[in-house]
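To keep things clear, I will list the structure first and then write my remarks on it.
What follows is calculated from the coordinates using simple rules that are stated; it is not laboratory data. This is a predicted model, so every value here is computed, not measured. With ideal geometry, Cβ positions are generated from the backbone for all residues, glycine too; neighbour counts draw on all protein chains shown.
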Amino acid sequence: MGGLTFVDVCSGAGGLALGLERAGFEPRLLLDDDEVPVGTLRSNRPQWNVLHTDLLDFDPADHPVSYDVDLLAAGLPRVKSSATVGRSDSSTEERLLEATIYLVHAIRPRAVLIENVPGLAHSDEYQHFRDFARAELAHLGYEFSWFVMNAIDFGVPQNRRQGVLVAVEGQRATAFRPPAPTVSQPSTVGDTLGSSMAARGWKEAARWAAQADQPAPTLVGGSKNRGGADLGPTGAKRKWATMGVDGHTVGDQVPGPDFVWDPQLGRHGMVKLTAEQAALLQGFPESWQIAGRKTARYRQIGHATPPPVGEALGRAIAEALDKDSAVAPAG
């Protein structure tokens, strides 16, 4: 099957779409409700058809190009946490999940991919959504796979577990297998960021990189209602401190030649990661330019699906669809 196509909703900074593109999929339509990530998408891929609209307001009848696609993809914002339960963030996430399922009804793709927090696949908290998805789609002939992936298994230097739903039309479903890890040795923060830390002549970049000899904890984008950017909750900040990184903030630039790195002095003796470095820890290529001010850039990055994870999922889905095309009876 050549020329696999997809529609991507809640596209954000484009991590999932970029991964699917690498796996051989061509986007018919991408949409996001925030003008800043829409700008990111349009600047990096001017040829993509990017729509600035809310998924909850999207009507595919107004955009016929979204019909007859192979895949509907949704990398939904990771806003669910103990801090958001009972707040608008939590209810928005649930509405986006349900809106994605209703969109399957409308456009009838051959496969569906939804990626979100790890609990999506198995936790009791998401049982209502899993039951809803099955009730809405099983009678349309889709069969489901629910599983958890860790980005670290796919070359991303970050411990980032993701809950994934893949639903495939019945006759194709038996060919789908969740992606197998593509690397056996995890990448580290130091290996990934060592050269960028030295970009302004910082003499201790190599010594810092040697200490940052482990993968990053999960980057968290937070919600628009939060203040400035930081690298995650308290546990993540402690982990960053063991690598000599100040996890309470995001820096404007990498250290200069005179920066004194001494974590024993506390935060002032630690390095600050830039938004661009966070993008590298998400597996974005250096050429991918994130639009907006610092906090907006970091938020897009923290919410993104790492492109290598998107690519692995795309290849697994493409393999299932390709096998079907080779064996499906004529007519």
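Tabulated data for the structure shown
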read-out: Sequence ranges 244-254, 158-168, ranked by mean other-Cβ count within 10 angstrom, highest first; value: 158-168, 244-254
read-out: Quotient of C-alpha Rg and 2.2 N^0.38 Å, computed over the chain; value: 1.01
read-out: Under 15 Å, Cβ to Cβ, from A106 - net charge with Lys/Arg +1 and Asp/Glu -1; value: -3
read-out: Burial ordering of I317, I290, fewest other beta-carbon atoms within 10 Å first; value: I290, I317
read-out: ³J(HN,Hα) computed for each position of segment 154-164 - Karplus, 6.51 cos²θ - 1.76 cosθ + 1.60, integer Hz, glycine/proline x; value: 10, x, 8, x, 7, 7, 9, 8, 10, x, 10
read-out: Percent of alpha-carbon pairs separated by more than 22 Å within segment 85-227; value: 55
read-out: Of every Cα-Cα pair in segment 189-301, the percent that sits beyond 21 Å; value: 30
read-out: Lys, Arg +1 and Asp, Glu -1 on Cβ, resulting dipole of segment 189-301 about Cα centre, debye, nearest 20; value: 480
read-out: Helix axis angle, 294-303 relative to the chain longest principal axis, alpha carbon, degrees; value: 50
read-out: Whole-Å distance, taken between Cα centres, linking segment 185-212 and segment 124-172; value: 35
read-out: HN-Hα J in Hz across segment 251-256 - Karplus 6.51, -1.76, 1.60, θ = phi - 60°, x for Gly and Pro; value: x, 7, 7, 6, x, x
read-out: Rounded to 10°, Cα long-axis angle of helix 127-137 versus longest principal axis of the chain; value: 40
read-out: Spatially close lysines, pair count over the chain: Cα under 21 Å, gap of eight or more or interchain; value: 9
read-out: The chain: calculated mean residue ellipticity at 222 nm from DSSP helix runs of at least 4, using -39500 (n - 2.57); value: -10500 deg cm²/dmol
read-out: Charge dipole (segment 189-301, unit charges on Cβ, about Cα centre) - positive-most of T249, L193, A212; value: T249
read-out: Using θ = phi - 60° and Karplus 6.51 cos²θ - 1.76 cosθ + 1.60, couplings along segment 101-116 (whole Hz; Gly, Pro as x); value: 5, 4, 5, 4, 3, 6, 9, 6, x, 6, 8, 10, 10, 10, 10, 7
read-out: Sorted by Cβ neighbour density within 10 Å, fewest at the top, the residues D62, D68, D230; value: D62, D68, D230
read-out: Calculated on alpha-carbon atoms, Rg and Dmax of segment 143-222 in Å; value: 17.8, 59
